[in-house]
Amino acid sequence: MSSDTTAHPFDETVDVLVIGSGGGGMTAALAADAAGLKTLVIEKSSHFGGSTALSGGGIWVPGAPSQRRAGYVPSPDGVFDYLKQITEGTVSDARLRKYVEAAPEMMDFLEHDSDWFEFVWKPGYADYYPELPGGSAQGSTINVPAIDLRKLGEHEQELLAPLALAPKGIWFAPKDLRLFYQVRQNWRGKAVLLKLIWRMVRARVFGDRMAAIGQSLAARMRLALKQHDIPLWLDAPMTSLITGPDGAVLGAVVERDGRAVRIRATGGVILASGGFDHDMAWRKEHLPILEQDWSFGNPAATGDGIRAGEKAGGATELLDEAWWFPAICWPDGRLQFMLNERMMPSQFVVNGEGKRFINEAAPYMDFAHAMIKGQESGVAHIPCWLVTDIDSFHRYVVAGHLPIPKIPFAPVPTGRKVPRAWLDSGVVVEAHSWEELAGKIGVPAENLRATAERFNQLAHGGHDDDFNRGDSAYDNYYGDPTLPNPNLRPLGKPPYYAFQIILGDLGTSGGLRTDEHARVLRADDSVVDGLYAVGNVSAAVMGRSYAGAGATIGPAMTFGYVAATHIARAQNAVAQPVTQAANPQIQGTVSNPSGGNR
């Protein structure tokens, strides 16, 4: 649709317009503001934080200041080589090198930009491929401490809340969760349980509203925006990008308070509006085997920014990809991560043939890719089944159940019995023989028995000769530290249980093609001037892989910073006063996405 900018002048003029209020968008806004650029953030929904607020809050940044303060300095060349290996040619060297170079700069900038930012590194959460050259068993996942949400004041109710709210007072510091899973193995795990009980008591007595992980990170970013008086408009979806006759993006049309507001962005528009997590028609177009919406991503992520970028001339890639995460889907639609269970010693996972098909403790992207590949081969892998025994249920945290004596009115399942509601749901199956279990989950009985016997044989020997489970430091993280191989222990006597695993995700990871400056590219690699894309609106710098915990938020924040600094350099180079750019006499066109932005 064409738009005459003379007949329809701009209502607002800024240097930088950021679309989306997740980690990438808010980092971009802070960096642009610090460079002296007038900046505005707009958000489609009535809540800020995006997928960052729903996340584990980890930020994967090798060479972060908090690492350097601890005396650990990963080799940039080594990190580049590591990323080069795991992305397997799907990402340009320039983008990979920019990430390695700019990620620590981004964190250093934030630490100096606002006292709200406090980043901590606790070594031990390994990269997901720590044995590869450049990988690290110590890991490069950076976290923020918990924060009392009352500090947000009037903005507290505007923070996007997690899809499943924890009981009042329950929150986990970065290392708490790992120790919590060891509640039956050592006193440190029991100490975390006592700590959680104390936090619940404090919350009720003193009114604490503590939040950690992604909630804390998003809250701290919002507080930094407020500190620097950077405006954030909620309930303000972008309805179109405005382009000039040469294809350059000049600004956007935003719906606010029931009217269309035309905003000129003299330096550029930064799309940080998330992926298309919940547009199932679009997702099935690129991955037909995807059965239904099993995404943990932001409910408002429907791909509006990607569509707008496409209509402005941008190319896309990796649209069949996502930040996959195997999960349980309960009958009411509630999704639950399947993470520590896959590292639990006394279990194995089988496909529709009753056979193992991967190292169960593998990184979640690899596990899900194996599910997808298997499903496409004609053998059922979606769902697959995690098989375990009653002794394991009594020893480990499984599907949120705590292996402690029954506590009436506890906020999570406890006790020695598998909850009746689980068994009634069909998501969890109980049987007293391999043959009975095979019949209930629909796999060949002889195959399931052979798989169980083979697994037990390997577990007795202490090494998984078939899939090498337990060989990687990553595998061990949520394993049982009391065992010689933290990830292997034979299954014992029945009853046996099978937990259904579906193909969940944390959001899509394909989108607009970008260069090392986060500029949107056309199919011929030319730049769409004035348009940048960061986070899940762009095709991931991780390609089809995942370097380590925080490899979604780390790149989103980094390229938000990169985009803003690139705009600042360009603005300084032309030294164009905002007053001259406010009323360009240009015939323009409008690119219209279907819907708004996140």
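Values quoted throughout were computed directly from the atomic coordinates according to the rules given, and no laboratory measurement underlies them. Everything numeric in this text was worked out from a predicted model, so none of it was measured. With ideal geometry, Cβ positions are generated from the backbone for all residues, glycine too; neighbour counts draw on all protein chains shown.
Things worth noting here:
- Between Glu436 and Asp115, full extension at 0.36 nm per residue minus the direct alpha carbon distance yields a gain of 109.6 nm.
- Residue by residue, the stretch 430-442 carries 3J(HN,Hα) couplings of 10, 8, 10, 7, 5, 5, 5, 5, 4, x, 6, 9, x Hz when phi is fed to the Karplus relation 6.51 cos²θ - 1.76 cosθ + 1.60 (θ = phi - 60°); x denotes Gly or Pro.
- Within straight-line cross-link reach of Lys44, lysines at Cα separation under 23 Å, skipping those fewer than 8 residues along the same chain: Lys226, Lys311
- Potential lengthening between Ala570 and Glu453 on full extension [0.36 nm per residue; Cα-Cα distance subtracted]: 35.6 nm
- Computed from backbone phi, the HN-Hα couplings of the stretch 228-245 come to 9, 6, 8, x, 10, 9, 8, 6, 9, x, 6, 9, 6, 9, 9, 10, x, x Hz, rounded to whole numbers (Karplus: 6.51 cos²θ - 1.76 cosθ + 1.60, θ = phi - 60°; Gly and Pro given as x).
- Amide H partners (placed H, <5 Å) of Thr508, local residues excluded: Gly275, Phe276, Asp277, Trp323
- In order along the stretch 490-503, the phi-based Karplus estimate (6.51 cos²θ - 1.76 cosθ + 1.60, θ = phi - 60°) of 3J(HN,Hα) comes to x, 6, x, 7, x, x, 9, 9, 10, 10, 6, 10, 10, 8 Hz; Gly and Pro are listed as x.
- Surrounding net charge for Ile242, when Lys and Arg each add one and Asp and Glu each subtract one, Cβ distance under 9 Å: +2
- Estimated inter-spin distance, Asp11 and Arg184, nm [label 7 Å along Cα→Cβ]: 6.0
- Compactness relative to 2.2 N^0.38 Å, alpha carbon Rg of the stretch 58-180: 1.23
- Relative to the longest principal axis of the Cα atoms of the chain, helix 213-227 runs at roughly 20 degrees.
- When +1 charges are put on Lys and Arg Cβ atoms and -1 charges on Asp and Glu Cβ atoms, the dipole computed for the chain relative to its Cα centre reaches about 1960 debye.
- Residues with amide H under 5 Å from that of Val528, placed H, sequence gap 5 or more: Val520, Leu521, Arg522
- Contact order relative to length of the stretch 430-566, as percent, for alpha carbon pairs under 8 angstrom and 6 or more apart: 18
- Placing a label point 7 Å from the Cα of Ala70 along the Cα-to-Cβ direction, the residues of the stretch 121-164 whose backbone N falls under 15 Å from that point are 121-128, 136-145.
- Label sites at Leu287 and Lys406, each approximated as a point 7 angstrom past Cα along Cα to Cβ, lie 4.1 nm apart.
- Where Rh is the Kirkwood radius over Cα pairs, Rg/Rh for the stretch 322-506: 0.93
- Annotation for the stretch 485-532 versus the stretch 26-46: alpha-carbon center distance of 27 Å.
- A simple spin-label model places pseudo-atoms 7 Å from Cα toward Cβ; at Gln85 and Leu193 they are separated by 4.0 nm.
- Segment Asp235-Asp108, length gained on full extension (0.36 nm per residue, minus Cα span): 42.6 nm
- With a threshold of 28 Å on the Cα-Cα distance, the over-threshold entries among Lys122/Lys493; Lys355/Lys406; Lys355/Lys493; Lys38/Lys98; Lys190/Lys417 are Lys122/Lys493; Lys355/Lys406.
- Under-5 Å amide H pairs with His228, H placed in peptide plane, nonlocal only: none
- Partner aspartates and glutamates for Lys195 [C-alpha distance under 12 Å; skip if fewer than 8 residues away on the same chain]: Asp176
- Helix 23-34 and the longest principal axis of the Cα set of the chain meet at an angle near 40°.
- Degrees between helix 553-574 axis and first principal axis of the chain (Cα, 0 to 90, nearest 10): 10
- Summed residue charge, Cβ within 14 Å of Ser377's Cβ, Lys/Arg positive, Asp/Glu negative: 0
- Both numbers refer to the Cα atoms of the chain; Rg and Dmax are 24.7, 79 Å.
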